[in-house]
Amino acid sequence: MKITNIEIRMCRHKESVMKDSEMRDGKKSDLEFLVITFHTDEGLSSSTFGFAGRGAEMAGEIANSIFKPFFIGRDPLYREKHWHEYRMADRWWNHAPIYSYGPFDINCWLLSSMQAGQPLYKYLGAYRDKVPIYGSSLVLKTPEAYAKEALEYKEKGFNAYKLHPPGKYDFDLEAHTKVREAVGDDFKLMSDPVAPYTFEQALRFGRELEKLNYYWYEEPLFDENFHNLRELTRILDIPIIGTEVIAKHPYSVAECISTRVVDMVRADVSWSGGITATMKTAH
């Protein structure tokens, strides 16, 4: 099987998808993204979404100029070969954003599973047929708004909720407290403040989350702040989560695991070198 063409569509919602929430800087994202479609000489085709932040034109240019010529003519079943060859090519010439390669790798996996006649999760090696999910906020205007949204998710049948607070210590703590009060003790809650704190603040906030029985504490400091994250992991009882946006998966993540920088790692297949790299992290 050969990849004969790759379509890259740059997309933008006409209206903001955020109604009552926003980004930390107060802006409302209009959610620009890519749709990347592979076509093959065997008539199979696959599509994935590509992250584009606030700039689909930039992401599309990178996809068209770097990844499209790299993949056309290749056999999607040679995923491991492509992954290693692109890793070296990226080091020499490209230095593409971390979210760029993943969607192309995912398309290779999709085409491979299609050819095998299996859904992707079974092609990878299935363990279960259902996975738990959780609701996740963006930045809301008041602590009460977080509590209201968490209750809405609970009423819809979700079993957990994650807060993305604005990064202001007192506001953040009040929001996390009100959410726990609203949903009760039998509902899982997670915190993802996205690296706004000093080490001392992160430690104090983690202690408060432990009192509130939060399930995990994600990215209290920047992912590359290995020394201080390792200290938080050592001191706090609540699990520390990290590595979501760290570059060079899976090698950098392996270092975080082996030296206990964090308790658990995040790996989004679109951001983290695709399924190929994420499976290496899992193994």
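The values are calculated or read from the model by the stated rules, or taken from the named source; none is laboratory data. Quantities reported herein were computed from a predicted structural model and do not represent experimental measurements. Reconstructed Cβ throughout: ideal geometry from the backbone, glycine too, with neighbour counts over all protein chains shown.
Here are a few things to note about the model shown:
- Here residue 150 clears all of (1) surrounded by 17 or more Cβ atoms within 10 Å (Cβ to Cβ); (2) closer than 30 Å to residue 90 by Cα except the condition numbered (2).
- When residue 256 is tested against the conditions (1) over 30 Å from residue 185 (Cα atoms); (2) modelled with pLDDT of 95 or more, the lone failure is (2).
- The criterion of being among the aromatic types (Phe, Trp, Tyr), surrounded by 15 or more Cβ atoms within 10 Å (Cβ to Cβ) and in contact with a Phe, Trp or Tyr (Cβ under 7 Å, 6 or more places away or on another chain) does not hold for residue 216.
- Test: residue in the range 259-282 that is β-branched (Val, Ile, Thr), closer than 22 Å to residue 193 by Cβ, out of contact with any helix residue (DSSP H, G or I) (no Cβ under 7 Å at 6 or more places or on another chain) and surrounded by 17 or more Cβ atoms within 10 Å (Cβ to Cβ): no
- Taken together, the residues in the range 35-60 that are modelled with pLDDT under 95 and not in a strand (DSSP E or B) amount to 9.
- Residue match in the range 148-159 (condition: hydrophobic (A, V, I, L, M, F, W, C), within 26 Å of residue 215 (Cα to Cα) and over 22 Å from the mean Cα position of the chain (by Cα)): yes
- Residue that is nearest to the chain's Cα centre (by Cα) [pool: residues in the range 73-105 that are over 18 Å from residue 283 (Cβ atoms) and among the hydrophobic types (A, V, I, L, M, F, W, C)]: 98
- Every residue from the range 175-207 that is among the charged types (D, E, K, R) and surrounded by 17 or more Cβ atoms within 10 Å (Cβ to Cβ): 178, 180, 192
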